[in-house]
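So the structure is just underneath, and the comments pick up after that.
The values are calculated or read from the model by the stated rules, or taken from the named source; none is laboratory data. Not measured: the values here are computed from a predicted model. Cβ placement follows ideal geometry from the backbone for every residue including glycine, while neighbour counts extend to all protein chains displayed.
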Amino acid sequence: MAGGRRRGGGGRRGGPRQHPGTPGTPGPASLPAPLSPAATPAQPNAGAAPKTGRSKKAPEEPAARAPDVDSLGFQAMDRNVPGLSHVILQKLNMKSYEDYKSAMDGRKSGSDFGIRTYFDMFQKMEDTFKFCVECKKLPDALPDPKSLRRCKRCQNVYYCGVACQRANWPLHKKFCKKLKLVALDRLVEWLIFTGDIPFPTDTWTKPAWDVKGWEDWFSMQEQLEEKLGAIVAGRYMTLLWANAGKPRPEDAELRESIRRLVTDFHSRPLTIGLGLRLFGIDPLTRPLTVHVVGASHVETLNTRLTDYDELTRMFPGHQGVEMVMVGVDVVDGPIMRPPLTTLAPRGKVYLSSYKGLYHDFWESHVETKLAAPPDLVVGFHPGFHACPDLLAGWLPTLLLLLGTIACPCSSPCTVSRS
Ligand SMILES: [Zn+2]
Ligand SMILES: [Zn+2]
């Protein structure tokens, strides 16, 4: 993005989450969220990886040899700012991407990397944004590393000097206002990890088809202002601004930021709900199974068992929905449990996972009836448009689905079975 990376602004794009009740120092899951490679722009999820033929894997072949898209996303930062991935590892006292990945998977704790205080955590996060967005120089490449100056308006991008700032302004001015919100959201996003966001939501008082946008959704939330107020006045919000190294914004700005992050949090379950409606699949008439294909840590890092419960509030009285996250980059956690062999429990959203390729999952679980065939298959940001290689990677999955499931739309369509 012009004028600066937008690594964390999308809200809950990966990043370890800290749960309520975590003691006063950052625990294992408190690395800065925006450091997550998932949050690099335009990084598509891994689909099914290329696999030659449909034959079973040879025994010596390692399981699920997919391109490591998480790693590719991390390295891709260097194409924009040479050396940046190294700086990030250095700030976290990590030797390699492997260390980083371990931390993300929760296999190593934050304190293993020298992050001992909240202040430290927020500083290190900010440090990874310290490079000149015009000439791409990192602090080490400047005669005086302290000479980097931040855009006063957005506080999101840095310049090595006036010349670069001037040169960048025609482009940056188009995004400066938005980037100010991005800079705020990437700090407030931490409250998703502490559990403050999202606030408890209410059962929908309108039918799903009458909810056309977020304003409709917010209008169904009772005592919304009180709920937002409680987050703004909360312990973690106070802790955040005591350590962020930036002045605390007005409460009204914080409320807006919370609203944006709440919409980001719920966008995945609601997208699935919209998909069910568009394809005429009614959760009130029978239990459903949804497969999320190409799930990576974007969808699964620190995912709680309740994270898709908004579907229950969207379709009160539904017959049960099982969501199976399938992908080689599925992160271990509470949702790493086998798919149900029985129907999803009535009125509940049940999350399960399979770490591996979709067609392997199909062979080992669906064909053997260890998992239910899907009513809906969803891929978030599959990246077909971005990269032909990724499309090729998805091809086995698409062909499998085309051969198995008839497209429910009645008009001639490119996803039809023929
Ligand atoms: Zn510069
Ligand atoms: Zn700016």
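Scanning the range 160-173 for residues that are of a type outside the set (S, T, N, Q) and near ligand 2 (Cβ under 10 Å from one of its atoms), which turns out surrounded by the most Cβ atoms within 10 Å (Cβ to Cβ)?
Applying the first criterion (of a type outside the set (S, T, N, Q)) to the range 160-173 yields 160-164, 166-167, 169-173.
Still in the running and near ligand 2 (Cβ under 10 Å from one of its atoms): 169, 172-173.
Working: Trp169: 15, His172: 22, Lys173: 12.
Out of the qualifying residues, it is His172.
Within the range 255-264, the set of residues being within 21 Å of the chain's Cα centre (by Cα) and at pLDDT 95 or above comprises Glu256, Ser257, Ile258, Arg259, Arg260, Leu261, Val262, Thr263.
Only one entry in Arg186, Arg260 is more than 16 Å from ligand 2 (Cβ to nearest atom), within 30 Å of Arg149 (Cβ to Cβ), assigned to a helix (DSSP H, G or I) and touching a Gly at 6+ places or on another chain (Cβ under 8 Å), namely Arg260.
Just name the residue that is farthest from ligand 2 (Cβ to nearest atom) out of those in the range 136-159 that are among the aliphatic types (A, V, I, L, M) and surrounded by fewer than 21 Cβ atoms within 10 Å (Cβ to Cβ). Walk me through how you get there before you give the answer.
Just the residues of the range 136-159 that are among the aliphatic types (A, V, I, L, M), to begin with: 138, 141-142, 148, 157.
Checking which are surrounded by fewer than 21 Cβ atoms within 10 Å (Cβ to Cβ) leaves us with 138, 141-142, 148.
Numbers: Leu138: 19, Ala141: 22, Leu142: 20, Leu148: 14 Å.
Within the range 136-159, the match that is farthest from ligand 2 (Cβ to nearest atom) is Ala141.
Among the residues of the range 235-245, just one is in a loop (DSSP other than H, G, I, E, B) and either surrounded by 15 or more Cβ atoms within 10 Å (Cβ to Cβ) or touching a Pro at 6+ places or on another chain (Cβ under 7 Å) (or both), namely Ala244. Among the residues of the range 260-304, what is the count of those that are touching a Cys at 6+ places or on another chain (Cβ under 9 Å) and surrounded by 24 or more Cβ atoms within 10 Å (Cβ to Cβ)? So the count comes out to 0. Just checking, does the range 68-90 include any residue being touching a helix residue (DSSP H, G or I) at 6+ places or on another chain (Cβ under 7 Å), at pLDDT 80 or above, within 16 Å of ligand 2 (Cβ to nearest atom) and among the hydrophobic types (A, V, I, L, M, F, W, C)? Within the range 68-90, not a single residue is touching a helix residue (DSSP H, G or I) at 6+ places or on another chain (Cβ under 7 Å), at pLDDT 80 or above, within 16 Å of ligand 2 (Cβ to nearest atom) and among the hydrophobic types (A, V, I, L, M, F, W, C). Conditions first: (1) in a helix (DSSP H, G or I); (2) under 20 Å from Leu343 (Cα atoms); (3) hydrophobic (A, V, I, L, M, F, W, C). Val298 passes all but one, so which condition is the exception? Answer for Val298: the failing condition is (2).
Looking across the range 98-120, the residues that are modelled with pLDDT under 80 and hydroxyl-bearing (Ser, Thr, Tyr) come down to Tyr100, Ser102, Ser109, Ser111.
Test Arg313 against the criterion of being at pLDDT below 95 and among the basic types (Lys, Arg), and give yes or no. So Arg313 fails the test.
Cβ-Cβ distances below 7 Å connect the following pairs, each with a first residue in the range 368-384 that is over 17 Å from Gly273 (Cα atoms), a second residue that is of a type in the set (Asp, Glu), and a separation of six or more residues or different chains: Ala372/Glu322. Cβ-Cβ distances below 6 Å connect the following pairs, each with a first residue in the range 148-173 that is farther than 14 Å from Cys135 by Cα, a second residue that is in a loop (DSSP other than H, G, I, E, B) and small (Gly, Ala, Ser), and a separation of six or more residues or different chains: Asn156/Gly4.
Restricting attention to the range 131-169, the residues being closer than 20 Å to Leu181 by Cβ, assigned to a loop (DSSP other than H, G, I, E, B) and of a type in the set (D, E, K, R) number 2. From the list Val133, Val182, Val188, the lone residue that is among the β-branched types (Val, Ile, Thr), within 26 Å of the chain's Cα centre (by Cα), crowded, with 19+ Cβ neighbours inside 10 Å and within 16 Å of ligand 1 (Cβ to nearest atom) is Val133.
Among strands (runs of 3 or more DSSP E) entirely within the range 305-392, having at least 1 residues that are surrounded by fewer than 21 Cβ atoms within 10 Å (Cβ to Cβ) singles out 349-355, 376-378.
Any residue that is over 21 Å from Gly245 (Cβ atoms), within 16 Å of ligand 2 (Cβ to nearest atom) and modelled with pLDDT of 90 or more - is there at least one of those in the range 123-135?
Residues of the range 123-135 that are over 21 Å from Gly245 (Cβ atoms), as a first pass: 134-135.
Add one more test, that the residue is within 16 Å of ligand 2 (Cβ to nearest atom), and what stays is 134.
Within this subset, residues satisfying the condition of being modelled with pLDDT of 90 or more are 134.
Scanning the range 123-135, I find at least one residue that is over 21 Å from Gly245 (Cβ atoms), within 16 Å of ligand 2 (Cβ to nearest atom) and modelled with pLDDT of 90 or more, so the answer is yes.
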